[in-house]
Amino acid sequence: MASLKNQIAVITGASSGIGQAVALGLAAKGVKTCLLGRKLATLEGVAKLARKTAPQVLCYQVDLAVDQDVRKIADLIQQDLGHVDMLIHSAGVISLGRLESAPVEDFDRQFRVNVRAPYALTQAFLPLLRSDDGGQIVFINSSAGLN
């Protein structure tokens, strides 16, 4: 298995849950991590833990439901690091409730964050992933909606 040391990973949803676990796991392998999430203070808490083992940790506040945030994040990371080896889609939102009373805005937000944002981010990051020896794109899903 090839070493991950000093590779660069972008992780969405890195402030909690699976995204946080992935970020810390990659940091422990010596991966440079770019943590993406809505709450900068929470990301900084994860970054503090990741910096114990990662050679570099950067935090980016981004709301994946906002097109402007999605469009500019790849440019920011390109300016800061030049390329990316891994793009890990781990962010997600869910609104639980009865269909007949659920606001359509809840559906819109879920679609934007869970479907549209990964599509748009993948498009934006492809040039950065292709700039080296290829790259990896990982989609992480949850079974929370099955209950």
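Per-structure values
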| read-out | value |
| --- | --- |
| In region 37-68, the residues that are over 15 Å from residue 91 (Cβ atoms) and outside any helix (DSSP H, G or I) | 51, 52, 53, 54, 55, 56, 57, 58 |
| Unmet requirement for residue 54, which otherwise passes all of (1) over 19 Å from residue 74 (Cβ atoms); (2) open to solvent by 30 Å² or more (accessible area, probe 1.4 Å) | (2) |
| Qualifying residue in region 116-138 (condition: more than 16 Å from the chain's Cα centre (by Cα), under 15 Å from residue 37 (Cβ atoms), modelled with pLDDT of 95 or more and not polar (S, T, N, Q)) | no |
| Every residue from region 36-59 that is closer than 22 Å to residue 83 by Cβ and out of contact with any Ser or Thr (no Cβ under 7 Å at 6 or more places or on another chain) | 47, 51, 53, 55, 56, 58, 59 |
| Any hit, region 30-37, residues being basic (Lys, Arg) and surrounded by fewer than 16 Cβ atoms within 10 Å (Cβ to Cβ) | no |
| Count of residues meeting criterion [assigned to a loop (DSSP other than H, G, I, E, B) and either within 17 Å of residue 22 (Cβ to Cβ) or open to solvent by less than 70 Å² (accessible area, probe 1.4 Å) (or both)] in region 98-129 | 2 |
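The values are calculated or read from the model by the stated rules, or taken from the named source; none is laboratory data. Predicted model, so just to flag it, every value in this text is computed and none were measured. Note that each Cβ is placed from the backbone with ideal geometry, even for glycine, and that neighbours are counted across all protein chains shown. Accessible surface areas use protein heavy atoms only, side chains included; no ligands, DNA or RNA. Shrake-Rupley method; radii C 1.70, N 1.55, O 1.52, S 1.80 Å.
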